[in-house]
Amino acid sequence: MKALVAVKRVVDYNVKVRVKADQTGVDLTNVKMSINPFCEIAVEEAVRLKEKGVVTEIVVVSVGPAAAQEQIRSAMALGADRSILVQTDDAVGSLGVAKILKGIVDAEQPQIILLGKQAIDDDNNQTGQMLAALMGVGQGTFASEVVVEGTTMKVTREIDGGLQTVALPLPAIVTTDLRLNEPRYAALPNIMKARKKPLDTKTPADYGVDTTPKVKTLKVTPPAERKAGIKVKSVDELLDKLKNEAKVI
Ligand code: AMP
């Protein structure tokens, strides 16, 4: 069966982001970009399913600028077989991305669709859920284990206070949580091989999707600076400060 994995190009998680002076967004000039970490986990899971003989082909898709080819090539170096870049310089928004993914699902007919639980740039946590609704199929979100048994997929989900296991008839959506797996590093020969793997370039219009955003960003501001801490000399002093200054006990 075929697996489709959606990967987003985002600012690398090690970068300390700076907000643009005009507060319209984050400054991306000379900033290191990477695959969204949760998407990397999604690619790794698809590769493991292929290694187990469950999946026979892995298709990676990204919606974004031409430069997102870098992240697509990295996903293919990890083990994806081929890829589709839906090229656009517009901020498409989650619903637009979900509609494009629906178009790709219709064309490719994958049985398993893997996404990250969230992209670490906008922390939306909604594209997988929207795609499941558009497709009318089940979703196993925040997955920490995925087991495919015939035409059913069992997904263990990380929920408040524990784990929940759901059974989903295929095709179905999985969104990955941090503990699902630890992605491998791409070996040099695989990085070289990935350069030759097929990469199709499409546009949102190819899937009949209007990319006009449904959400307008009014302002982006950095989080408030944390105040410096202080050192206390004794437990008594700590208790005194908690009681009389912070007034938390
Ligand atoms: P979000 O709902 O934006 O937090 O993103 C959740 C997941 O949806 C990501 O981890 C990706 O798997 C997928 N996704 C979101 N935006 C894109 C995009 N532009 N291209 C490909 N996949 C995306």
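General observations
- Among residues of segment 104-115 being in a helix (DSSP H, G or I) and buried (at least 19 other Cβ atoms within 10 Å of the Cβ), the one that is farthest from the ligand (Cβ to nearest atom) is 105.
- Exclusive hit being more than 10 Å from the ligand (Cβ to nearest atom) and either among the aromatic types (Phe, Trp, Tyr) or closer than 24 Å to residue 215 by Cα (or both), set 24, 56: 24
- Just one of the listed residues (184, 179, 157) is more than 23 Å from residue 204 (Cα to Cα), in contact (Cβ under 8 Å) with a residue 12 or more places away in the chain and in a helix (DSSP H, G or I), and it is 179.
- Residue within segment 200-217 that is surrounded by fewer than 16 Cβ atoms within 10 Å (Cβ to Cβ) and within 12 Å of the ligand (Cβ to nearest atom) present: yes
- Residue within segment 116-129 that is in a helix (DSSP H, G or I), surrounded by fewer than 17 Cβ atoms within 10 Å (Cβ to Cβ) and at pLDDT 95 or above present: no
- Single unsatisfied condition, residue 90 versus (1) within 11 Å of the ligand (Cβ to nearest atom); (2) part of a helix (DSSP H, G or I): (2)
- For segment 116-138, a residue qualifies if it is more than 10 Å from the ligand (Cβ to nearest atom) and closer than 24 Å to residue 37 by Cβ, and exactly one does: 132.
- Criterion: without any contact (Cβ under 8 Å) to a residue 60 or more places away in the chain and of a type in the set (D, E, K, R) - qualifying residue of 40, 51: 51
- Subset of segment 223-241 that is assigned to a loop (DSSP other than H, G, I, E, B) and not small (Gly, Ala, Ser) - its residue that is surrounded by the most Cβ atoms within 10 Å (Cβ to Cβ): 232
- Which listed residue is among the hydrophobic types (A, V, I, L, M, F, W, C) and within 20 Å of the chain's Cα centre (by Cα), from 134, 168: 134
- Qualifying residue in segment 207-214 (condition: closer than 29 Å to residue 126 by Cα, of a type outside the set (Val, Ile, Thr) and out of contact with any helix residue (DSSP H, G or I) (no Cβ under 8 Å at 6 or more places or on another chain)): no
- The set of residues in segment 169-226 being closer than 28 Å to residue 26 by Cα, in contact with an Asp or Glu (Cβ under 8 Å, 6 or more places away or on another chain) and modelled with pLDDT of 95 or more consists of 176, 177, 183, 204.
Per-residue answers, yes or no, for (1) touching a Leu at 6+ places or on another chain (Cβ under 6 Å); (2) more than 25 Å from residue 203 (Cβ to Cβ):
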position	(1), (2)
43	yes, no
48	no, yes
62	yes, no
71	no, no
75	no, no
98	yes, no
103	no, no
111	yes, yes
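- Scanning segment 1-16 for residues that are within 16 Å of the ligand (Cβ to nearest atom) and without any contact (Cβ under 8 Å) to a residue 24 or more places away in the chain yields a total of 1.
- Tally of residues being buried (at least 24 other Cβ atoms within 10 Å of the Cβ) and more than 15 Å from residue 191 (Cα to Cα) across segment 60-82: 4
The values are calculated or read from the model by the stated rules, or taken from the named source; none is laboratory data. It should be emphasised that the depicted structure is a prediction, and the values quoted were computed from it without experimental measurement. Reconstructed Cβ throughout: ideal geometry from the backbone, glycine too, with neighbour counts over all protein chains shown.
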